[in-house]
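First the structure, in the form of structure tokens, and then the observations on it.
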């Protein structure tokens with residue numbers, strides 16, 4: 001129904017505005033950018049292939065993350081971007097050590113687990129306890145004080161598969177808040193069913209939250225089949241005891257960094273369209289879809305614009321953020337790359353006309369959301385004419401939050417756009433060792449680059465004020 | 001084409017032979033067995049669920065394998081089987097310890113590996129060396145003596161996905177022979193791309209072979225994405241150095257066991273239809289599809305026959321073999337469960353009229369092969385009338401090798417049948433930690449039970465001499 005309504009709006013869109021006197025129109029150039037990307041002529045695949053192959057995992061604050069940033073800056077210079085530089089910032093890094101888990105009773109069995117990011121180590125000899133199963137985080141929160149003394153809390157909730165990622169939002173609170181809630185009730189450790197949609201023997205890590213500067217108990221994600229196994233054993237009437245071991249550690253004086261690169265605007269260089277993605281990744285995969293492809297999509301889209309015969313009127317800025325994935329023990333507790341950018345560029349932010357982020361894998365873009373001020377604009381109509389042929393529908397609501405990295409920029413008043421990717425399969429490999437290059441579909445990747453290049457070009461070469469008030473909706477026609 | 005030919009043979013099959021004077025015909029009973037299984041009324045799913053949940057991995061010679069055998073024997077007694085007992089035999093067990101691998105140059109990256117079964121440990125500090133990539137085992141065999149001194153041989157060949165498992169046969173020689181071939185040329189270790197058809201960050205273990213009583217160098221399987229990564233790094237012009245670590249060990253005085261259970265034949269109890277599958281599994285998964293479902297299929301099929309109002313004329317024997325997966329340092333070098341059965345039952349083997357094995361996962365049966373003597377028999381015609389409605393075609397050739405466990409029995413002269421399962425997806429999780437219950441499709445499982453129950457009933461209640469000479473093929477009609 002939604003699809004039908006959206007498509008039925010198409011015929012009322014205006015025909016392309018020609019500017020033949022000045023060469024091809026912005027719309028014609030956007031179509032050319034789109035089709036060049038669809039033709040496989042962008043640098044996107046080579047970028048994500050080389051990034052993930054040369055540097056592997058790029059955890060926040062690691063040597064690999066720094067070397068990847070240096071490589072990216074060098075590559076952006078070679079590609080002809082200007083103002084290319086690295087902006088470093090301090091953070092507390094977290095280092096996974098050796099980890100393992102077993103069922104020790106009723107019969108010994110190995111478990112496949114991953115320590116949650118920021119989770120403290122176990123004692124050197126590991127820790128053992130009886131598992132107490134909670135169907136949801138709310139059930140854990142309802143447990144009385146001291147009811148878990150000496151035991152291990154297990155939240156078994158299953159993430160729901162959705163296209164827009166809503167299932168993740170609903171499930172991730174258990175990972176964020178679970179360790180502290182378990183500790184409050186006396187638990188010696190916390191485990192949860194991986195926040196993911198697959199059924200493979202691969203656990204999903206992800207950050208948990210510091211409370212008063214520390215994560216109170218060791219915390220682990222079980223792979224889905226391991227979570228099933230513990231639940232089935234309990235359903236057979238068995239008391240399940242498990243052993244957990246981790247040598248995770250912290251590096252309080254680490255550094256991460258953002259990489260910045262511009263295409264300088266010809267008429268209004270102080271007006272900036274900001275494109276963000278993150279270079280850091282979790283430590284077990286190679287961060288191919290989270291977020292190697294994001295960095296590839298925005299860089300390749302910008303590069304297609306850079307190769308046009310003339311630059312856009314406004315500046316296009318690529319920011320490859322550091323340290324997107326991890327929580328921090330001190331305020332603002334996370335998104336240190338995004339906050340560092342705002343701190344360093346506060347004076348420029350009033351000139352930032354629009355910001356967007358690519359951090360949802362590499363599946364196709366199916367929907368675009370714009371700032372309220374632009375939803376009824378000629379810009380929106382032109383954009384939809386360019387994007388609808390490649391399967392992108394207009395969102396019914398204005399863009400709000402474009403992502404973790406550009407979040408602080410958006411919070412500072414910069415309008416956001418969103419190119420929604422299909423997330424139906426994203427959480428099959430998200431935050432796992434299995435986030436590797438083979439999961440990248442080139443055709444999907446190229447569709448992303450096509451949409452980004454077209455949108456960014458139209459915004460950067462136009463004169464829309466994305467900060468203005470929302471245009472009134474005309475009264476609905478009777479029918 | 002093959003399918004069309006096979007189906008076109010159907011109309012010439014004779015109509016069911018009625019035996020109304022004696023109650024339902026064998027064919028009518030076979031149809032009833034088939035449909036009962038398809039209706040989900042067999043014990044198959046509950047069997048594999050409880051087996052894999054209670055005992056997890058069941059490596060040959062382990063406590064888990066022994067406890068699973070004791071549980072199975074107890075369960076078979078409860079189900080009403082006769083002659084239920086356990087036959088123990090000695091073997092050398094292999095125990096995976098802790099293992100890890102990393103790329104150490106050009107940039108540090110973790111690798112996901114699994115030591116091959118029977119592979120010796122590395123030195124306590126691990127071992128490091130430059131990787132030399134061979135596209136195939138043949139390329140490794142063509143390398144000159146001493147050409148790998150101090151280095152690590154890597155066979156990168158990819159297994160081909162096939163329905164009948166032929167791709168495994170072609171690929172597995174690298175796992176069996178690779179370590180010895182690498183060692184001959186001075187290599188300090190051997191790695192190979194996992195023998196598997198998936199692209200997940202999960203390696204496939206499996207046994208390698210002893211040579212003169214030992215496996216000469218430590219040997220590991222890389223997951224497919226890890227193999228890709230090493231190949232891509234080399235393609236970027238980098239020399240790749242890796243570090244390997246394993247604390248694997250041997251237990252020379254271990255024991256494994258076969259579990260035996262009969263439905264005693266009413267007319268010819270000394271004539272035996274033997275149904276085999278194996279209780280042991282690799283040590284990282286829970287052996288759900290290899291071979292928990294095999295044990296479930298044959299046990300459930302036999303149990304449906306046991307519940308009939310009258311027993312079959314011949315004996316139906318279920319054998320749940322031990323130690324199918326591992327090679328051994330001494331003759332006969334493997335299949336110790338199968339050899340133990342032959343040793344213990346030599347005197348009975350002349351009465352074994354037919355043997356079959358279920359050890360290829362849980363996907364649908366699509367083809368049946370019979371001994372040459374029975375290919376043109378009324379038994380075959382009846383069987384095909386019962387099985388073709390559930391998607392089973394006749395094989396064009398006689399059954400030869402029914403599997404590792406019944407292999408020694410077949411080699412001793414007992415005729416074999418084969419119910420071929422679709423193996424297109426079997427090698428996605430075969431020999432991996434991901435071989436877990438969630439991979440079992442109940443509908444497929446029930447189709448397997450249906451086919452087994454029907455075939456075994458018709459063979460056990462009939463009087464076919466499967467050992468006879470092949471019946472001549474009538475001359476093809478001109479057309």
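Annotations for the structure displayed:
- Annotation for the stretch B:194-253 versus the stretch B:370-414: alpha-carbon center distance of 37 Å.
- More than 21 Å apart - percent of Cα-Cα pairs taken over the stretch B:121-254: 39 percent
- Between copies, the label points of residue A:239, set 7 Å from Cα on the Cα→Cβ line, lie 5.8 nm apart, reported in increasing order to one decimal in nanometres.
- Taking other C-beta atoms within 10 Å as the exposure proxy, A:177, A:307 rank A:307, A:177 from fewest upward.
- If you take the alpha carbon atoms of the stretch A:28-75 and fit the smallest convex hull around them, that volume is 91 Å³ per residue.
- Whole-number D in µm²/s for the stretch A:357-479 (Stokes-Einstein; Kirkwood sum over Cα pairs; 4 °C, 1.567 mPa s): 82 µm²/s
- Residue A:378 paired with residue A:307, simple spin-label distance in nm, labels 7 Å along Cα-to-beta-carbon: 3.0 nm
- Viscosity 1.306 mPa s, temperature 10 °C, Stokes-Einstein D of the stretch B:225-330 from Kirkwood C-alpha radius, µm²/s: 89 µm²/s
- FRET efficiency, 1/(1 + (r/R0)^6) with R0 45 Å, evaluated for residue A:166 and residue B:163 via beta carbons: 0.70
- Cα-based helix-to-principal-axis angle, A:166-184 vs chain A, degrees rounded to 10: 40 degrees
- Between residue B:346 and residue B:147, the contour length at 0.36 nm per residue exceeds the alpha carbon distance by 66.7 nm.
- Between 0 and 90°, nearest 10: helix B:63-78 axis offset from chain B longest Cα axis: 10 degrees
- Where Rh is the Kirkwood radius over Cα pairs, Rg/Rh for the stretch B:89-145: 1.05
- Inter-site label distance for residue A:266 and residue B:238 at 7 Å from Cα along Cβ, in nm: 4.0 nm
- Between helix A:378-387 and chain A: long-axis angle, C-alpha atoms, 0 to 90°, nearest 10: 70 degrees
- Computed on the protein assembly as shown, the Cα convex hull volume stands at 221 Å³ per residue.
- Counting from the shortest, the label point at residue B:172, 7 Å from Cα toward Cβ, is 4.4 nm from the same position in each remaining copy.
- Kirkwood Rh (inverse of mean 1/r, distinct Cα pairs), chain B, angstrom: 23.4 Å
- Inter-copy separations for residue A:82, label at 7 Å along Cα-Cβ, nm, ascending: 9.5
- Over the C-alpha trace of the stretch B:52-161, radius of gyration and Dmax come out as 21.3, 63 angstrom.
- Helix-only CD estimate at 222 nm, as mean residue ellipticity for chain B, using -39500 (n - 2.57) per DSSP H run (n ≥ 4): -9500 deg cm²/dmol
- One quarter of the convex hull surface built on the alpha carbon atoms of the stretch A:184-258 amounts to 7.7 nm², the projected area averaged over directions.
- The stretch B:414-474: proportion of alpha-carbon pairs further apart than 20 angstrom, %: 50 percent
Laboratory data are not the source of any read-out in this text; all were calculated from the coordinates shown. Keep in mind it's a predicted model, so treat the numbers as computed, not measured. Glycine gets a Cβ as well: all are built from the backbone with ideal geometry, and neighbour counts include every protein chain shown.
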